[in-house]
C-alpha cells in the first residue's frame, strides 16, 4: 500500500521543506481570509494528499491521493472566489487536471491489467508484454505534464496561480508541480524502463519549448503572480531538459552521464521549489500591503518592507541562475550534460540538443531581464501609487515563513554536495552507476562535469570570495569615513517623480517588440490633447495586453469544436433518437475494435475489415440517405 524507498523519501523531504515555512506564512496570512475553516480544511488535506502520492505503492492508492490533491487544490483556488475570473480560473484548472487524470487512469488500467492493487514493480512485467509501449509513454506524458505545466498543457498556470491565496500559490507552484515530476521519475524507471532514444528526445524538446515559452510570456506580464506562474513553466522546462538528457544518455548506454543529468534534474527540482515558493511568498506580502497585483502600482517598497525585499532579492538572484547560487549550480549541471553529448553520432540528437542549448542560454538571459524588471519596478525607485506609499512590513509569522524559506535556498547553495550525494543514491537504487565521485573527485570545493572534457566550478570559493570582497569594501568605507551628501535627484533639469521612472511596460518594450511575431499584442494608447493640437497632450496612458499563442490557436479552437460537437449530440438526443442510438452502437463497436487492436496482436487484414464495417455502419445507421 505504501513504500518508503529513497525516491519517495527524497520527494517527501521536498514536500516538508516546502510546507514547513509555508505553515508559518499561511498562519500569518490567515487574517486576510474570510472563509478560514474552508481554507484550513483543504490546506491540510492538500498537504496530506501530496505526501500520499509520493509514498503510494500501488495504482489505487496513487490515483486516490492524486485525485484528492487535485480536488483540494481546486477548492483552495476558490477560497476567495469573489470575482468571475477566479471561478473561471478554477474551472479551467479543474478541467485540465482531470484531462490528465483520464490518461493516468488509462495508463494504470493497461499496465496493471485491470488490477489497480498491483505493485509498481509488477507492472513492469505487464508493460513489457504490451504491444504499444510508446502509447503508454504518451499517456504518462499527458497525465503528468498537464499537472506540471509543460507546453502545450501549461495555459492554466497563469490563470489559476494568481487567483489562489498566496500560500496556496507557493505550495502549488513550489511543491505540487514537483509531485508530477516525481510521477515521471517513478513510472519511467519502475514501469517503462528501458527507454528508446526517441522518448528522451521528445522530453528534451518539450522542455526546451517550455523554458522559452514560459520566460517570454513572463516578460510581457505585469501581474506579479502571473509573471511568477509563467516562470514555473520555464523552470519545469529546465527540469525536463535535464530529465530528457538523462534518458538519452541511458538509451545510449552512457550510465555515468545519465546519472549526472538525472541528478541535475533532481537538483533543479529542489531549487525551483525553494526559490519559487519564496517568490510567491514575497509577492503575496506585497499584494496584501498594496491591494493590487499590478507591478506598475508598486515602487519604493524596499524602505517600508525590508525583509520582503531582501528575501525576494535572494530568490530573484537564484532563479536568474547567477553564481554562486543554487539555481546557477543546477542549470550549470544541465548545461554540462548537454555539452557532454558532442561525441554522439545521431542526426536527431545533432538537431535537438543544439536547440535545447540555445533555449537554455536564451532562457537564462531573458530570466535575468525579467527579474531586473520585477524587482526593480516593485522595490526600487519612487512610489507609484498611494497604496505603495503607505505599505508596511507584514506580520511576524509571514516574515518567519519567508526567512525560513530563504534558509532553505541558502542551504541548497551551501550544502550542495550533501544534496547531490542524496540524489546520487536515488539513481544507484534505480540501477544506475554512481556519479558522485565524478562530480566531486577533489573534495567538496570543486564541482566537475561528468563529461570527458567538461567544466569545473567552485561555488563555495566563489561565495567566500563574494562575501570577502563585500566585507572588505564595507570595512574600507567605514575606515576611510567616506562623507555622504544628500541632495535632490537631478534628472536632465527636471524634478523626478513617479511618472518619469521606468515602467514595467517600458522596460520590457524592446524585447516585446523583437518578439512581436509571437506576442501579437493588443496595444491601447489614450491621450488627452491640449486645445485640439495632436502634437500636444497633457496626459497619456499606454497599455499592452498579450494573449498567449497556445490559448488563441489551440485552446479556443478546441473549445469551439467541443461546443459544436456537444450541440450536434444534443440535437441528436432530443430530435433524432434513432440516429442517436445508432451513434452509441457505433461507439461501442469502436471501443471493442480498439480493445482488440491494443490487447492482441495487430493485423492489417483485420484492421481493414473492421474499418470497412465501421464505415458501412456509420453510413447506413447515422448518415442515412441524402434528402
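Just so it is clear, none of the values below were taken in a lab; they were calculated from the coordinates. Everything quoted here is computed from the prediction, not taken from an experiment. Every residue, glycine among them, receives a Cβ derived from its backbone with ideal geometry; neighbour counts consider all protein chains shown.
Residues 399, 556, 481 in ascending order of nearby Cβ atoms (within 10 Å, fewest first): 481, 556, 399. What the Cβ-Cβ distance of residue 591 and residue 562 gives, at R0 = 35 Å and to the nearest 0.05, is a FRET efficiency of 0.95.
Maximal additional length on extending the residue 106-residue 355 stretch stands at 86.4 nm, based on 0.36 nm per residue less the C-alpha distance. A crude spin-label estimate for the pair residue 343 and residue 526, with each label 7 Å from Cα along the Cβ direction, gives 6.4 nm. Between 0 and 90 degrees, the angle of helix 416-429 with respect to the longest Cα principal axis of the chain falls at about 10 degrees.
In terms of surrounding Cβ atoms within a 10 Å radius of their Cβ, 445, 74, 199, 604 rank from fewest to most as 604, 445, 74, 199.
Note on residue 613 and residue 418: their simple-model spin labels are 6.5 nm apart, each label 7 Å out from Cα toward Cβ.
Could you work out Rg/(2.2 N^0.38 Å) for segment 1-193, with Rg from alpha carbons only?
Against the compact-globule rule of thumb, the ratio is 1.04.
Using R0 = 45 Å, the C-beta based FRET efficiency linking residue 453 and residue 486 works out to 0.25.
I'd like the FRET efficiency for residue 411 and residue 362, computed as 1/(1 + (r/R0)^6) with the beta carbon distance as r and R0 of 35 Å, rounded to 0.05. Mind dumping the intermediate values first?
Details: r = 30 Å, r/R0 = 0.85.
According to the calculation, E is roughly 0.75.
Sorted ascending by nearby beta carbons within 10 Å, beginning with the fewest, 224, 233 become 224, 233.
The length gained on full extension between residue 38 and residue 470, counted as 0.36 nm times the residue separation minus their Cα-Cα distance, comes to 150.7 nm. Taken over the chain, the alpha-carbon convex hull comes to 213 cubic angstrom per residue.
Between residue 574 and residue 198, the distance separating the two model label sites (each 7 Å from Cα on the Cα→Cβ line) works out to 4.5 nm. Each helix, a run of at least 4 DSSP H residues, gives -39500 (n - 2.57); summed and divided by the residues of the chain, these come to -23000 deg cm²/dmol at 222 nm.
Helix 504-514 and the longest principal axis of the C-alpha atoms of the chain enclose an angle of approximately 50°.
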